[in-house]
Amino acid sequence: MIVLLTRRIMGLFLTLIAVSLLLFAVMALLPGDPAAITLGTSATPETLAALRHEMGLDQSLILRYGQWLGGALTGDLGMSYTYGVPVAGLIAERLAVTLPLAILAILLSILIAVPLGVAAAAKRGGVFNIIATLFSQMSIAVPGFWVGLLMILLFATSLGWMPAVGFPGWGNGLWPALKALIMPAVALALPQAGVLTRVTRSAVLDTLHEDFARTAIAKGLSRSAVLWGHVVPNALMPVMTILGLQFTFLVAGAVLIENVFNLPGLGRLAYQALSQRDVVVLQDVVLFFAGLVIVVNFLVDLSYLVIDPRLRSGAAR
C-alpha cells in the first residue's frame with residue numbers, strides 16, 4: 001500500500017511539473033509585451049526597458065521558468081503587474097468564493113443525479129426512467145450560462161427573490177453569501193447532474209444483473225434492501241470517476257459563470273488577468289486550477305481503495 005501511494009504521489013508531482021512547463025511555454029507565446037501594455041503607448045524606450053528589467057522579462061526563458069517554478073514550490077507566486085500585490089493573497093481571497101461555489105455545485109449535482117439515477121434504474125421503463133431521460137437530455141443540451149441568464153431574469157429581475165449579481169462577502173453573514181451563490185451553483189450543477197444521472201442509472205442497471213444481486217434477491221431480501229445495501233455501494237466506482245472528472249468541468253465552467261454573475265472568484269480573476277495581460281496572475285491561477293484538479297483526481301483514486309476491498313488486497317500483494 002505504501003509503495004502504491006508513493007508511486008501515485010510521485011506521478012502527481014511529475015504531472016504537475018509537466019503542466020507547469022506546458023503552461024509557461026503557452027504563456028511565453030502569447031502576443032504582446034506585458035511591460036508595454038502596462039505603460040501604454042506613450043512610454044519612452046528607457047522607461048519600458050526599466051520596467052521589463054523589473055518584471056524580469058529581459059532574462060532568458062529557462063531562467064524565468066526556474067524562478068517561477070521555484071517560487072511556486074515555496075509559496076512565493078510573485079507580484080501582480082496590474083494590482084501590485086502578491087498573487088498568493090489574490091488567489092486566497094478569490095478562492096473563498098470559487099471553492100464554496102464548486103462544492104455547492106457538486107453537492108447539488110449529487111443530490112439531484114444519484115437518487116434520480118437509482119430510481120430510474122430500479123423502475124426501468126417507469127415514470128422515473130422517463131423523467132431521468134428527459135432531465136439528462138435537457139440539462140446536457142442547455143448551456144450553463146444560458147440557464148444563469150434565465151434565472152437572473154426570473155428570480156432576480158422579475159420576482160426579486162435572489163440578488164442578480166455580485167457577492168456580499170462572508171463577513172456580511174452566512175445566508176446573504178450563500179444566497180448569492182445559489183443561482184450560480186445551480187447553473188454550474190445542472191449540466192453535470194445530467195451526465196451523472198446517466199452514469200448512475202447505467203452503473204446501477206449493470207450491477208443489478210450481477211450474480212451477487214440475483215443471489216441476494218433469491219435469498220428473500222427485499223428489492224429495496226438489495227438495491228441500497230448491495231447494488232448502490234458496488235455501483236459507486238464509475239460514479240466516483242465521473243465526479244472526479246466533473247470537478248474539472250466545474251472549475252473550468254466557473255470562469256464563464258463567475259463573469260455572468262459578476263462573482264469575484266478565481267475564474268473572473270483569470271479572465272481579468274488575460275484581458276489585462278497580467279501573465280504572472282494568469283500563470284499562477286491556471287497552475288492552481290491544474291494542481292487542484294490533479295489532487296482531486298488523486299483523492300478519487302484513493303477512494304477506490306475504500307470502496308472496493310479487492311483493490312486493497314491487490315495493492316497489498
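What the table below lists for this structure:
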| item | result |
| --- | --- |
| Gain upon complete extension [Leu274, Leu107; 0.36 nm per residue less C-alpha separation] | 57.1 nm |
| Listed residues Asp278, Asp58 arranged by accessible area, highest first, probe 1.4 Å | Asp58, Asp278 |
| Solvent-accessible area per residue, Å², over the chain with all protein chains present [probe radius 1.4 Å] | 53 |
| Asp76 paired with Ile62, simple spin-label distance in nm, labels 7 Å along Cα-to-beta-carbon | 2.2 |
| Hz values of 3J(HN,Hα) by residue in region 142-155 - Karplus curve (6.51, -1.76, 1.60), Gly and Pro given as x | 8, x, x, 5, 5, 4, x, 5, 5, 5, 4, 5, 7, 7 |
| Region 170-317, dipole about Cα centre (Lys/Arg Cβ +1, Asp/Glu Cβ -1), debye to the nearest 20 | 380 |
| Cα centre as origin, Lys/Arg/Asp/Glu Cβ charges: region 1-137 dipole, Debye | 900 |
| Accessible-area composition of region 158-312, carbon plus sulfur, in percent [1.4 Å probe] | 67 |
| Sequence of Glu93, Glu54 when ordered by accessible area, the most exposed leading, probe 1.4 angstrom | Glu54, Glu93 |
| Length released on extending from Leu150 to Met240, taking residue separation times 0.36 nm less the Cα-Cα span | 29.3 nm |
| Rough spin-label spacing in nm, given labels placed 7 Å along Cα→Cβ, for Tyr83 and Leu205 | 4.8 |
| Long-range tail of P(r) for region 176-285 (Cα pairs > 21 Å, %) | 55 |
| Selected from Leu196, Thr47, Met151, residue furthest toward positive end of dipole (the chain; charges at beta carbon) | Leu196 |
| J(HN,Hα) series, region 67-81, from Karplus relation 6.51 cos²θ - 1.76 cosθ + 1.60, nearest Hz, glycine and proline x | 5, 5, 5, x, x, 5, 5, 9, x, 9, 8, x, 10, 6, 5 |
| Helix-derived mean residue ellipticity, 222 nm - over the chain, DSSP H n ≥ 4, -39500 (n - 2.57), to 500 | -25000 deg cm²/dmol |
| Signed unit charges on C-beta, dipole axis of the chain, positive-most listed residue Met183, Leu69, Gly220 | Gly220 |
| Residue-by-residue Karplus 3J(HN,Hα) for region 256-271, coefficients 6.51, -1.76, 1.60, Hz, glycine and proline x | 6, 5, 5, 6, 5, 9, 6, 8, x, x, 5, x, 5, 4, 5, 5 |
| Charge dipole (debye, nearest 20) of the chain; +1 at Cβ of Lys and Arg, -1 at Cβ of Asp and Glu | 1340 |
| Extension gain from Arg7 to Leu30, taking 0.36 nm per residue of separation minus the Cα-Cα distance | 4.8 nm |
| Amide hydrogen neighbours beyond the local backbone of Tyr81, cut-off 5 Å, H modeled | Val280, Val281 |
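The values are calculated or read from the model by the stated rules, or taken from the named source; none is laboratory data. As the structure is a prediction and not an experimental result, all values here were calculated from the model. So basically every Cβ, Gly included, is an ideal-geometry build from the backbone, and we count neighbours across all protein chains shown. Accessible surface is based on the protein model in full, side chains and every heavy atom, while ligands, DNA and RNA are left aside. Shrake-Rupley method; radii C 1.70, N 1.55, O 1.52, S 1.80 Å.
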